[in-house]
Every structure is written in C-alpha cells, then in structure tokens.
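One structure below.
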Amino acid sequence: MSNIIVNPKNYTGHDLETIFFRPLLTGPSAESLGIRILYNMPMPTVVQMWDRQGNVLTPFDEHSSWSGGVKTTHYQKTIPMSRVKAENSFSASDYFSTIFELITNRPDVNMEDLSGTELEVAETELFRRAIADSIRMNLWLGDKSGTYNTGYTSFDGLLKILHERIAAKQLHFAYDDLDTELGDNSITVVLDNLIQNASPRLKGLFADGEVAFFVSPSVYQYYEAYLNRNFGEAAYADTQYGRKQLMFHGFPVIEINLEPSITSSKLSNDFVIFTDRRNLVMAVNTADSPGSEVRMWYNPDEMENRQRAVFAIGCEILDEELVCAGINLPIA
C-alpha cells in the first residue's frame, strides 16, 4: 500500500466537478444541509426572481387590442462569493491508518486486491467529508469580519446575516429576545406565532412543501419535551424507535447543531427560523474561480500527507419578506 503515501493526485476542470464536488453537493450531503444549493452558476452568481401581481385573465373581445395585464416584476439578488481554500494534513502513520479504516469498513472491498483506484477513492472521500463538515459550519457560523468570534471567517454565514437584518428590522416578523418569549410562552406558542405572522407571500408557498423550521438544539429539545409530556402512547413508541423527523402543523422541524463552536461565539445560541428552504441559498463555484483545484500529495520533508482544495463559495437570504425568526440579539 505504499502508493497511498507517495502518489500525488490533482483534480481540475471536469474531474474537479464530476469526481470531487458534485458528489459532495448533491444527494444525501446536500439534503442534510436542508437548503437550496447552486453549483457552478456563472459568477457573479445572480438569482433571478419573478413576481407577478394582479389578474392575467380579462374578458375576451375580438375587436380589442393587446390588453397585456400587469407587467411581471423582475427581482434579482447577487450572492456574495468568496474565494476560499481548504487544507488538511496528516502524519504518514495517521494517514495510513485512517485511509485503511475507510477501506476495510466497506462491505464490498476485496482485501486481497487493494488497487490504486480503491486507495484513491478512500483518500478522496476522506477529504470530501472534511470539506462537507466545514462548509456546513461556515454556512451557519461564517463571519468574515470576526465580529462574532465564531472561528469561521471564510464567508458570512446565515446566522450573521440573520442577526444583522433582525437588528435593522428588515425581516417581515422577528423576535429579538427569544429567551423571554420561551419563558413567557410554551414552545408551541412561539412556533405557532411564527406561522400566524408569516407574510401573505410565505403563506402562499405553504402548499409547495418547502417551508420548514430551522432550530437550535435547545429549541428542538423544548419541542421534544412538549411532545413527551402531552402524548402518551405515541411518546412511548417514539422513545422506543426514535423520531426520524419532528413536525409542527405539517412543517418539518430541522435541528441545526453547531456545537461546540456557537457556544463560544457572540451569536445567539438559540434560534428559530421559519422560511421556505429555497430562500436560504448557498452557491459554490469551481468553474469560474481562477485556480480552482483539489490537490493531494505527500511532503517528504515534513513526512506528512497534505490535501488542499481551492474554490469559491457564498450564501444569502434571498427575500427578507419570506422569513420569520427568533433569536437573542446582544444587549446594546
């Protein structure tokens, strides 16, 4: 297995997309993020939105000219993109044991024929997992300025964007003191208030099945505790077999676990976001970003294996009117 240590690997262009990034940004990895992902759209990444107002139906009159109705309104939002790099390194012994464990845990592996392809797949998967986890944490905790002391400074994440827009009163409906709301009301009252105070446009999207709650672990636990207290046999069954997906009035309740990093940051540890999944967008680009690549090699001077990825990434809340939220803003 010596070729696992010394053979360099470099993915660019088509290989970078098909072998490395597209598997990371589609399927279960993307679904676990729970939001809309745009991959390799032209930079700058601009999302086009159309909003038709008024009635397009008019009485038919064969002698009349073009009536046209009300012109469709065109909106667009540019997603800020940052060029980033991901780097990882292992000592040769740690690297070998980690890769070997990935290979041996697969049920279909033939231990008597570990080809270079087998090793390359395992090595690529190891780095892909590390990048996926860092993307998830930066997506929520990113803070380029370092103001909130999150430790993730590659690009501005959704919680920073949310904090700033709640403070500026730009959202349609928001609690800026979630602890007080939870202290005065049960968790179900807070969740129900977000539904009832949703904008007419957000309510119009309920039938699409994409609207959901994104909540911190403590809020998720409050709701679980409520279910346990109020539902006997159903709660017993949940205790035995677990809950695959919590729902409230038909809307998924998605737990966003950012521990332990969020605890040491200045961002609110508790939050509830009620919006359409498609309104929270992350964009990744490996095609139009200069120097985009994934490289894996062995450094004999330091006796360690190194991995590096270079690409562009950013996220945005597209429409503030489609967001109801609750957090704890810092006391001025």
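Taking the condition of being outside any strand (DSSP E or B) and more than 17 Å from the chain's Cα centre (by Cα), how many residues in the stretch 307-321 meet it?
So the count comes out to 2.
Of the residues Ser82, Ser154, Ser89, Ser186, which single one is out of contact with any helix residue (DSSP H, G or I) (no Cβ under 8 Å at 6 or more places or on another chain), modelled with pLDDT under 95 and open to solvent by 40 Å² or more (accessible area, probe 1.4 Å)? Full working, then the answer.
Values: Ser82 fails: open to solvent by 40 Å² or more (accessible area, probe 1.4 Å); Ser154 fails: out of contact with any helix residue (DSSP H, G or I) (no Cβ under 8 Å at 6 or more places or on another chain); Ser186 fails: out of contact with any helix residue (DSSP H, G or I) (no Cβ under 8 Å at 6 or more places or on another chain).
The unique qualifying residue is Ser89.
Here's the yes/no breakdown for (1) within 30 Å of Tyr148 (Cα to Cα); (2) open to solvent by 10 Å² or more (accessible area, probe 1.4 Å):
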{"position": "Glu302", "(1), (2)": "no, yes"}
{"position": "Gln307", "(1), (2)": "yes, no"}
{"position": "Glu320", "(1), (2)": "yes, yes"}
{"position": "Leu329", "(1), (2)": "yes, yes"}
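For the stretch 196-216, the tally of residues that are modelled with pLDDT of 95 or more, exposed (fewer than 15 other Cβ atoms within 10 Å of the Cβ) and closer than 19 Å to Val281 by Cβ stands at 0.
Going by the conditions given, is Asn257 surrounded by fewer than 16 Cβ atoms within 10 Å (Cβ to Cβ) and more than 20 Å from Ala167 (Cβ to Cβ)? Here the answer is yes, as Asn257 does meet what is asked.
Scanning the stretch 277-306 for residues that are in a strand (DSSP E or B) and touching a Leu at 6+ places or on another chain (Cβ under 8 Å) yields Leu280, Val281, Met282, Ala283, Val284, Glu293, Val294. In the set (1) in contact (Cβ under 8 Å) with a residue 12 or more places away in the chain; (2) over 15 Å from Ser265 (Cβ atoms), the condition left unmet by Gln196 is number (1).
Is it the case, given these coordinates, that Ser292 is open to solvent by less than 10 Å² (accessible area, probe 1.4 Å), at pLDDT 85 or above, in contact with a strand residue (DSSP E or B) (Cβ under 9 Å, 6 or more places away or on another chain) and of a type in the set (Gly, Ala, Ser)? Judged against the criteria, Ser292 is not a match. Would you confirm, using the coordinates I've provided, whether Arg128 is closer than 30 Å to Phe20 by Cβ, modelled with pLDDT of 90 or more and open to solvent by 10 Å² or more (accessible area, probe 1.4 Å)? For Arg128, the condition - closer than 30 Å to Phe20 by Cβ, modelled with pLDDT of 90 or more and open to solvent by 10 Å² or more (accessible area, probe 1.4 Å) - is not met. Give Gly146, Gly209 a once-over and let me know the one that is under 22 Å from the mean Cα position of the chain (by Cα), without any contact (Cβ under 8 Å) to a residue 24 or more places away in the chain and closer than 28 Å to Gly250 by Cβ. Selected residue: Gly209, the only one of Gly146, Gly209 that is under 22 Å from the mean Cα position of the chain (by Cα), without any contact (Cβ under 8 Å) to a residue 24 or more places away in the chain and closer than 28 Å to Gly250 by Cβ.
In this structure, is Val219 exposed (fewer than 15 other Cβ atoms within 10 Å of the Cβ) and either part of a helix (DSSP H, G or I) or at pLDDT below 90 (or both)? Let's see the steps before the verdict.
Working: exposed (fewer than 15 other Cβ atoms within 10 Å of the Cβ): no; either part of a helix (DSSP H, G or I) or at pLDDT below 90 (or both): yes.
When the stated conditions are applied, Val219 does not pass them.
Residues that are open to solvent by 50 Å² or more (accessible area, probe 1.4 Å) and closer than 22 Å to Met282 by Cα were ranked within the stretch 157-183; the one that is nearest to the chain's Cα centre (by Cα) is Glu164. Taking the criterion of being in contact with a Gly (Cβ under 9 Å, 6 or more places away or on another chain) and of a type in the set (D, E, K, R), no residue of the stretch 294-324 qualifies.
State which residue pairs qualify: first residue at negative phi and of a type in the set (S, T, N, Q) and inside the stretch 316-328, second residue surrounded by fewer than 22 Cβ atoms within 10 Å (Cβ to Cβ) and not in a strand (DSSP E or B) in any location, beta carbons under 8 Å apart, and separation of 6 or more residues or different chains. Listed by first residue and then by second, the contacts come to Asn328/Asp176; Asn328/Asp179; Asn328/Asn269; Asn328/Asp270.
The values are calculated or read from the model by the stated rules, or taken from the named source; none is laboratory data. Remember, predicted model here, so these are calculated numbers, not experimental data. A quick note on method: Cβ atoms are made from the backbone with ideal geometry, for glycine too, and the neighbour counts reach across all protein chains shown. Just the protein is used for accessible areas: all its heavy atoms, side chains included, with ligands, DNA and RNA removed. Shrake-Rupley method; radii C 1.70, N 1.55, O 1.52, S 1.80 Å.
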